[in-house]
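What follows is a single structure, written as structure tokens, with notes after it.
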Amino acid sequence: MGWEANVRTVTPYVAGEQPKEQGVIKLNTNESPYPPAPGVARALREYDADILRKYPDAETEPLLSELAAYYGVEKEQVFVGVGSDDVLAMAFLTFFNHPTLPVLFPDITYSFYDVWAELFRIPYEVQMLDGQFRIKEEDYHKPNGGVIIPNPNAPTGELAPMQMFENILRANPDVVCIVDEAYIDFGGESCLKLIDRYENLLVVRTFSKSRALAGMRIGYAFGSKKLIRCLQDVKYSFNSYTMNSITLAAGVEAVRDDAYFKEITKKVITTRERSKRELAALGFSFPDSKSNFIFATHEKYDAKELFEALRAHNIYVRHWDKPRIGNYLRISIGTDEEMDTLFAFLKEYCRA
Ligand SMILES: *Cc1c(COP(=O)(O)O)cnc(C)c1O
């Protein structure tokens, strides 16, 4: 039909499975295995529904101020959105507008980047990670329309030093560079401290992983006042009220309970380090993850077959039928108990 010629067609991002059945050990989408801070449940219980008559705060207060205070930045340096996917999509739309020069990101990375680039018709060029799945800094020292790199990278878990980002920022003063820090709380050094020095740096974060609130949909970003203003202008030109009042109230409680946040983050890190030892003992190899997942491969076993075998035993991990990573599984860090079930299965599988 004629109308079909003028449709914006895209191949959408495919998220990890959310099984409906009970009893699944869910290690496939990097959610927290722990509940959100107790204050979140309290805020939801005590929420006065009458507040919902009114529009929420368009400036995303009180969460905006809470984040600014917690991270020691000014309110004007913070942006809040509906999960970091919303923040990132908005950032692509706002900052990546060079008519010809491509936006650069790694070939193995968060698989939403190329989807947004296609959706917004932004030229892009992927840069090959090296044989150890590390970013080659020199790939980002060439003319481009913008740079986006997750740190730690996903799905590899590999952390790059802050110095690399500083070098890339220095080499690219004329474009916006985005560091996607979805997993930075699990032991990495953040680029947040660079925002005062580099006006073109946007640091994007999420409540979905380390703050155990994937279902709430909260993402945020730090940048220079100018950069944040640009993001806001685009947001207000699209939908002023992206964040609902309940979410804003819940988010505040998650930030306020720093002790709980630190406790669950530490638990995930401890379990991750133990998981590395267990997996290595079984003959798996993997990049040295600084995230809440491990990207593992085994030279004797086919990843897809193992993925199916795990699934048949109600253990869900993530597998991609893609070049270079087809023989890897991304395993989210669960509770110690969940990981023990996984290791018990793997021990049997590797023995058989
Ligand atoms: C999970 C993830 C996100 C998106 O998280 P939201 O749930 O939308 O906040 C963004 N970037 C990377 C690299 C991720 O792994």
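What the table below lists for this structure:
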{"item": "Count of lysine pairs in the stretch 204-278 with Cα separation under 23 Å (8 or more residues apart, or interchain)", "result": "9"}
{"item": "Zone of residue 4's modelled label, taken as backbone nitrogen in the stretch 89-120 under 14 Å from a point 7 Å along Cα→Cβ", "result": "none"}
{"item": "Added length on full extension, which subtracts the Cα-Cα distance from 0.36 nm per residue, residue 225 to residue 239", "result": "3.0 nm"}
{"item": "Per-residue [θ]222 nm for the chain (sum of -39500 (n - 2.57) over DSSP H runs n ≥ 4, rounded to 500)", "result": "-10500 deg cm²/dmol"}
{"item": "Gain on full stretching of the segment that runs from residue 246 to residue 167 - 0.36 nm per residue minus C-alpha separation", "result": "24.4 nm"}
{"item": "Estimated dipole of the stretch 117-204 in Debye, rounded to 20 [Cβ of Lys and Arg +1, of Asp and Glu -1, Cα centre]", "result": "120 debye"}
{"item": "Student exercise, the stretch 270-352 dipole from Lys, Arg, Asp, Glu Cβ charges, in Debye to nearest 20", "result": "300 debye"}
{"item": "Under Karplus coefficients 6.51, -1.76 and 1.60, residue-wise ³J(HN,Hα) of the stretch 306-317 in Hz, glycine/proline x", "result": "5, 4, 5, 5, 4, 4, 4, 9, 6, 10, 9, 10"}
{"item": "Inter-centroid distance (Cα atoms) of the stretch 158-178 relative to the stretch 284-300, Å", "result": "25 Å"}
{"item": "Residues with amide H under 5 Å from that of residue 293, placed H, sequence gap 5 or more", "result": "333"}
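Computed from the coordinates by the stated procedures, all read-outs in this text should not be read as laboratory data. No experiment lies behind these values; they were computed from the predicted model shown. Don't worry about glycine lacking a Cβ; one is built from the backbone with ideal geometry, like all the others, and counts go over all protein chains shown.
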